[in-house]
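Worksheet: the structure to be examined is printed underneath.
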Amino acid sequence: MDNKTKTTVRICGSDYTLVGTESEEYIQRVCLYVDKKMRSIATNPTLNKINVAVLSAINMGDEYFKMKDMQEETAAELKKYKEDYFSAYNAGKRLKDENHALKEEIQNLKIKIAKLEGSR
């Protein structure tokens, strides 16, 4: 059986009983956010509760899409940074390998020089 949480919340003066799998603290936090949104819009006395709810939903939808766009931009930047990191890592690895090969070549040349000087 699922662990369901039953929570009563107050939004814009009305009580609601919510059932979900999230913690009561999380549900309260979400509902407090919705309540604050609705109360900020409800300051206009010409709006009824339905209009307040719709305008609040539009505002939250706007926030959602802006955050989603920002998240997608951040994900794209992260992908680019990862690609740059791996490119730099691979370049560093190639340079390290090349440096090792050059050191071996220098060592071999020193041996050849020593042999040539010894045969004179």
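Please give the calculated 222 nm ellipticity per residue for the chain, where each DSSP H segment of at least 4 residues contributes -39500 (n - 2.57) and the sum is spread over every residue; nearest 500 deg cm²/dmol?
-27500 deg cm²/dmol
Quote the accessible area belonging to LEU116 in square angstrom, nearest 10, computed with a 1.4 Å probe and with ligands, DNA and RNA left uncounted.
Surface open to solvent at LEU116 totals about 110 Å².
Remind me, relative contact order of the chain in percent, using alpha carbon pairs under 8 angstrom and six or more residues apart?
Over the chain, the number comes to 13 percent.
Would you mind checking the pairs LYS37/LYS68; LYS36/LYS68; LYS6/LYS37; LYS6/LYS66; LYS68/LYS93 and listing those with alpha carbons more than 29 angstrom apart?
Flagged as over cut-off: LYS6/LYS66; LYS68/LYS93.
For ARG10 and ASN99 in the same chain, what is the full-extension length gain: residue separation times 0.36 nm, less their Cα-Cα distance, in nm?
Extra length from ARG10 to ASN99 when fully extended: 25.1 nm.
Mind ranking ASP62, ASP15, ASP35 by accessible surface for me, highest first, 1.4 Å probe?
ASP15, ASP62, ASP35
Please find, in a Gaussian network model of the chain (springs between Cα atoms separated by less than 10 Å), the residue of LYS103, LYS82, LYS36 whose mean-square fluctuation is greatest.
LYS103
In nm, what is the difference between 0.36 nm times the number of residues separating TYR33 and ASN59 and their Cα-Cα distance?
The TYR33-ASN59 span can extend by a further 8.2 nm.
Within the chain, what whole-number % of the accessible surface is contributed by carbon and sulfur, with the 1.4 Å probe and all protein chains included in the calculation?
Carbon-and-sulfur percentage of accessible area, whole number: 58.
Per residue, how much accessible area does the stretch 13-57 have with a 1.4 Å probe, in Å²?
It amounts to 71 Å² per residue over the stretch 13-57.
Can you give the FRET efficiency to the nearest 0.05 for GLU72 and VAL19, using r as the Cβ-Cβ distance and R₀ = 30 Å?
About 0.40, to the nearest 0.05.
Quote the accessible area belonging to VAL19 in square angstrom, nearest 10, computed with a 1.4 Å probe and with ligands, DNA and RNA left uncounted.
100
Report which label in (i) 13.8; (ii) 15.6; (iii) 21.0 holds the value of Kirkwood radius over Cα pairs in Å derived from the coordinates of this structure.
Computed from these coordinates, Kirkwood radius over Cα pairs in Å corresponds to label (iii).
What whole-number distance in Å separates the alpha-carbon centres of the stretch 15-35 and the stretch 65-120?
Using only Cα atoms to place each centre, the spacing works out to 53 Å.
The values are calculated or read from the model by the stated rules, or taken from the named source; none is laboratory data. Only a predicted model underlies this, so the values are computations on that prediction, with no experimental measurement involved. For neighbour counting, all protein chains shown are included, and Cβ atoms are generated from backbone atoms with ideal geometry for every residue, glycine included. The area values use the complete protein model at the heavy-atom level, side chains included, leaving out ligands, DNA and RNA. Shrake-Rupley method; radii C 1.70, N 1.55, O 1.52, S 1.80 Å.
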